[in-house]
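> Let me give you the structure first, and then I'll get to my questions.
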Amino acid sequence: MSIIAGSYERFIWGFKLKPTKHDADNQTLILTPLFSYPSHISPITTVACSGPAAASGGSDDTIHLYDLPSASSLGSLLDHNHTASITALSFYTPSSLSFPRNLISAAADGSVAIFDTDPFVLLKSFRPHKKAVNDLAIHPSGKLALAVYRDEFFTMLNLVRGKRSFCCRLGHEASLVKFDPSGESFFMVVNNKVGVHQSEDAKLLLELENPSRKRILCATPGESGTLFTGGEDRAITAWDTNSGKLAYSIEDAHPARIKGIVVLTRNESDGSLEDPYLIGSASSDGIIRVWDVRMAAKENTKPLAETNTKSRLTCLAGSALRSMRRPQIGKQQAQKVDEGQEN
């Protein structure tokens, strides 16, 4: 398993999660550095990874690619037609594959770009809305995506045709949008609340409110209707979105506000309701921690692994590294990267 994080100081941080020596009753993990360097010329705003591929977007309007197994940079995607800060990145990986099929990017100029990942080439770029995209989520089918905007708008995007299929004004600015792994519902975060919506018609099923009333800054869906959130209250909260109740919470999970949260391992067996996976979290003071959520109900829950980047972290992503295939950039892109390195 690998974790990547972006920082305000332009640095990309990569770590591999490894088990250390342990006895039968006490397993510990360690975050081993993969890479750390200033890949952008201004703050990194978003990161994504799937299998061996990772990507970062920054306020320098660029997207950079990385190969996790070799801990190397693959250069930047130059032909993406974004003219503003990259605000969202998301890989689409079909359940039958261990390597992503597409990378979708969105920016503060309202544009959305769709890339093939084998090799990385631009398939389609369009502007479904004129204002800045806050977040974007891809449906498990890979055929559509949802986007929320700074001017309180919400859109549905047809990724097959590369065009907008639906648009409406919410009446409030949503900062995050995430699909449930089943694709039957999606979640929208507005300040300190999470709306659970039916995917078919966007009907609001229920609303969750952070008990601390503080803003939610990051969210990631788990299994069986679980949603993990983190934010200004420095806690990791797990919600049961089926019942609308708070399942459990890790209080004071970080000494500063939580800017990123990611599910690292999932349950592969059918029908199990146990929580068999790890989650990672990152805070604005540079600390990354890994937790076993099965221990969350206990008092004084301790992280299984921790590292301090000593930088202002802005985003977090994780990968199970199931594929060892090296990501490739298209010939035209590779030529431009080589020319840029020579200069």
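> Sort out which residues of the stretch 42-68 are over 24 Å from Glu306 (Cβ atoms) and either in contact with a Lys or Arg (Cβ under 8 Å, 6 or more places away or on another chain) or open to solvent by less than 10 Å² (accessible area, probe 1.4 Å) (or both), and write them in order of number.
Taking the stretch 42-68 first, the residues over 24 Å from Glu306 (Cβ atoms) are 42, 45, 50-53, 55, 57-65, 67.
Selection gives Ser42, Gly51, Pro52, Ala53, Ala55, Gly57, Gly58, Ile63, Leu65, Asp67.
> Next up: Go through the stretch 256-276 residue by residue and tally those that are modelled with pLDDT of 75 or more, of a type outside the set (A, V, I, L, M, F, W, C) and surrounded by fewer than 17 Cβ atoms within 10 Å (Cβ to Cβ). Working first, answer last.
If we filter the stretch 256-276 for residues that are modelled with pLDDT of 75 or more, which is where we start, we get 256-265.
Add one more test, that the residue is of a type outside the set (A, V, I, L, M, F, W, C), and what stays is 257, 259-260, 265.
Subsequent filtering for residues that are surrounded by fewer than 17 Cβ atoms within 10 Å (Cβ to Cβ) retains 265.
Counting residues in the stretch 256-276 that are modelled with pLDDT of 75 or more, of a type outside the set (A, V, I, L, M, F, W, C) and surrounded by fewer than 17 Cβ atoms within 10 Å (Cβ to Cβ) gives 1.
> Still on this structure: List the residue pairs whose Cβ atoms are under 8 Å apart, where the first residue sits in the stretch 244-255 and is among the charged types (D, E, K, R), the second is open to solvent by less than 60 Å² (accessible area, probe 1.4 Å) and part of a strand (DSSP E or B), and the two are 6 or more positions apart or on different chains.
Lys245/Trp239
> Restricting the first residue to the stretch 196-219 and requiring it to be on the phi > 0 side of the Ramachandran plot, which pairs with a second residue that is crowded, with 18+ Cβ neighbours inside 10 Å meet a Cβ separation below 6 Å and a spacing of at least six or different chains?
Pairs found: Arg213/Asn192.
Let's see how each residue does on (1) more than 18 Å from Cys218 (Cα to Cα); (2) modelled with pLDDT under 95; (3) within 22 Å of the chain's Cα centre (by Cα):
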residue: Arg161; (1), (2), (3): yes, yes, no
residue: Cys167; (1), (2), (3): yes, yes, no
residue: Ser175; (1), (2), (3): no, no, yes
residue: Lys178; (1), (2), (3): no, no, yes
residue: Pro181; (1), (2), (3): no, yes, yes
residue: Val189; (1), (2), (3): no, no, yes
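> So in the stretch 82-105, with the set limited to residues that are outside any strand (DSSP E or B) and out of contact with any Asp or Glu (no Cβ under 9 Å at 6 or more places or on another chain), which one is most open to solvent (accessible area, probe 1.4 Å)? Break it down stepwise before answering.
Pass one, the stretch 82-105, residues outside any strand (DSSP E or B): 82-85, 93-101.
Applying the additional criterion that residues be out of contact with any Asp or Glu (no Cβ under 9 Å at 6 or more places or on another chain) yields 93-98.
Details: Thr93: 36, Pro94: 13, Ser95: 124, Ser96: 100, Leu97: 70, Ser98: 44 Å².
Residue satisfying both the conditions and the ranking: Ser95.
> Being of a type outside the set (Phe, Trp, Tyr) and under 19 Å from Leu146 (Cα atoms) is the filter here; which residues of the stretch 86-99 pass it? Break it down into steps so the answer makes sense when it comes.
Within the stretch 86-99, the subset of a type outside the set (Phe, Trp, Tyr) is 86-90, 93-98.
Within the stretch 86-99, Ile86, Thr87, Ala88, Leu89, Ser90, Thr93, Pro94 qualify.
> Going through the stretch 37-54 one residue at a time, which ones are part of a strand (DSSP E or B) and farther than 18 Å from Ser281 by Cα? Talk me through it step by step, then tell me what you get.
Taking the stretch 37-54 and keeping what is part of a strand (DSSP E or B), we get 37-38, 44-50, 53-54.
Within the stretch 37-54, Tyr37, Pro38, Ala53 meet the criteria.
> The conditions are (1) open to solvent by 50 Å² or more (accessible area, probe 1.4 Å); (2) closer than 28 Å to Leu122 by Cα, and Arg213 fails exactly one of them. Which is it?
(2)
> Write out, first by first residue and then by second, each pair whose Cβ atoms fall under 6 Å of each other, whose residues are 6+ apart or on separate chains, and whose first residue, in the stretch 15-41, is open to solvent by less than 90 Å² (accessible area, probe 1.4 Å) while the second is modelled with pLDDT of 80 or more and of a type in the set (Ser, Thr, Tyr).
What qualifies is Lys16/Ser2; Lys16/Thr32; Lys18/Thr32; Leu31/Thr307.
> Which of the residues spanning the stretch 202-224 are of a type outside the set (Ser, Thr, Tyr), within 20 Å of Asp292 (Cβ to Cβ) and modelled with pLDDT under 95?
Start the filter on the stretch 202-224 by keeping residues that are of a type outside the set (Ser, Thr, Tyr), which leaves 202-211, 213-219, 221-223.
Narrowing the set further to residues that are within 20 Å of Asp292 (Cβ to Cβ) leaves 218-219, 221-223.
The answer is Pro221, Gly222, Glu223.
> Report whether or not Thr155 is on the phi < 0 side of the Ramachandran plot, β-branched (Val, Ile, Thr), touching a His at 6+ places or on another chain (Cβ under 6 Å) and not in a loop (DSSP other than H, G, I, E, B).
Values: on the phi < 0 side of the Ramachandran plot: yes; β-branched (Val, Ile, Thr): yes; touching a His at 6+ places or on another chain (Cβ under 6 Å): yes; not in a loop (DSSP other than H, G, I, E, B): yes.
Here the answer is yes, as Thr155 does meet what is asked.
> Checking Gly110 against (1) on the phi > 0 side of the Ramachandran plot; (2) surrounded by fewer than 23 Cβ atoms within 10 Å (Cβ to Cβ), only one condition comes out false. Which one?
So the condition that Gly110 fails would be (2).
> From (1) open to solvent by less than 50 Å² (accessible area, probe 1.4 Å); (2) modelled with pLDDT of 90 or more, pick out the condition that doesn't hold for Ser243.
(1)
> Would you mind telling me which numbered condition in (1) in contact with a Phe, Trp or Tyr (Cβ under 7 Å, 6 or more places away or on another chain); (2) without any contact (Cβ under 8 Å) to a residue 60 or more places away in the chain; (3) open to solvent by 30 Å² or more (accessible area, probe 1.4 Å) Ala137 fails?
Evaluating Ala137 over (1) in contact with a Phe, Trp or Tyr (Cβ under 7 Å, 6 or more places away or on another chain); (2) without any contact (Cβ under 8 Å) to a residue 60 or more places away in the chain; (3) open to solvent by 30 Å² or more (accessible area, probe 1.4 Å) leaves (3) as the failure.
The values are calculated or read from the model by the stated rules, or taken from the named source; none is laboratory data. The structure presented is a predicted model; accordingly, all values stated were derived computationally and were not measured. Note: ideal-geometry Cβ built from the backbone for every residue, glycine included; neighbour counts use all protein chains shown. The accessibility values were calculated without ligands, DNA or RNA, using every heavy atom of the protein model including side chains. Shrake-Rupley method; radii C 1.70, N 1.55, O 1.52, S 1.80 Å.
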